[in-house]
1. Right, Ala121: within 12 Å of the chain's Cα centre (by Cα), under 15 Å from Phe51 (Cα atoms) and open to solvent by less than 60 Å² (accessible area, probe 1.4 Å) or not?
2. Could you list all residues from region 1-32 that are charged (D, E, K, R) and under 13 Å from Gly82 (Cβ atoms)?
3. Which condition number in (1) touching a residue at least 24 places away in the same chain (Cβ under 8 Å); (2) open to solvent by 70 Å² or more (accessible area, probe 1.4 Å) is the one that Ile94 fails?
4. Being farther than 15 Å from Leu88 by Cβ and without any contact (Cβ under 8 Å) to a residue 24 or more places away in the chain is the filter here, so list the residues in region 29-50 that pass it.
5. Specify the residue that is nearest to the chain's Cα centre (by Cα); the eligible residues are those in region 3-38 that are surrounded by fewer than 17 Cβ atoms within 10 Å (Cβ to Cβ) and assigned to a strand (DSSP E or B).
6. Test of understanding: among Gly56, Gly45, Gly82, Gly64, which residue is assigned to a loop (DSSP other than H, G, I, E, B) and either under 11 Å from the mean Cα position of the chain (by Cα) or over 29 Å from Asn2 (Cα atoms) (or both)?
7. Those residues that are touching a Ser or Thr at 6+ places or on another chain (Cβ under 9 Å) and either of a type outside the set (Ser, Thr, Tyr) or closer than 30 Å to Pro27 by Cα (or both), I need them from region 61-73; list them, please.
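The values are calculated or read from the model by the stated rules, or taken from the named source; none is laboratory data. All of these numbers come straight from a predicted model, not from anything done at the bench. Cβ: placed from backbone, ideal geometry, glycine included. Neighbour counts: every protein chain shown. Note: accessible area is taken over every heavy atom of the protein model, side chains too, but ligands, DNA and RNA are not part of it. Shrake-Rupley method; radii C 1.70, N 1.55, O 1.52, S 1.80 Å.
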Amino acid sequence: MNFQTMNKQRKFILIAAVVGLIAMFLPWIKISFFGMSSSVNGMHGSGILVFLCFAGAGVVAFLGDQTKNLDKTFWFIALACGALASLLMVWNLIDVMGSGMSFISFGFYLAVLAAVAVLLATYIYRNPSDSIKGGFDSLKHDIEEKTKTDAPK
């Protein structure tokens, strides 16, 4: 892998995914009370699924010809990973804000930004011919080809 020759879309996805992976281990909630403090990182509950989404987007950025944009199947997978991570992070943000607790720490905000960055980098730097329907059809076709067995005639 040569980062210098890597496509711009892949670079941004990879950078955002790595930042997101790091943010998962930083404090998400920090509570200080009478001189004692406690913090919790993002590797709990739905944070594990967000971690897997960041890892999936990062792996997809490495697959295929790195000097070109993602092909339709990998583009759709990266887009789905970014969308799911963004949705879960916004859901967690609404959940925490709704409970009246304002103990969110910088790791949570960094994970939100990284999830949105994966989604935007995947979508903004796509090929002009890529569409969500085309990506879904390409993924479906690839799965059918991999699972198709030749029945004896």
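1. It is false that Ala121 is within 12 Å of the chain's Cα centre (by Cα), under 15 Å from Phe51 (Cα atoms) and open to solvent by less than 60 Å² (accessible area, probe 1.4 Å).
2. Passing the criteria: none in range.
3. (1)
4. Ser32, Phe33, Phe34, Gly35, Met36, Ser37, Ser38, Val40
5. So the residue we want is Lys30.
6. Gly45
7. Passing the criteria: Gln66, Leu70, Asp71, Lys72.
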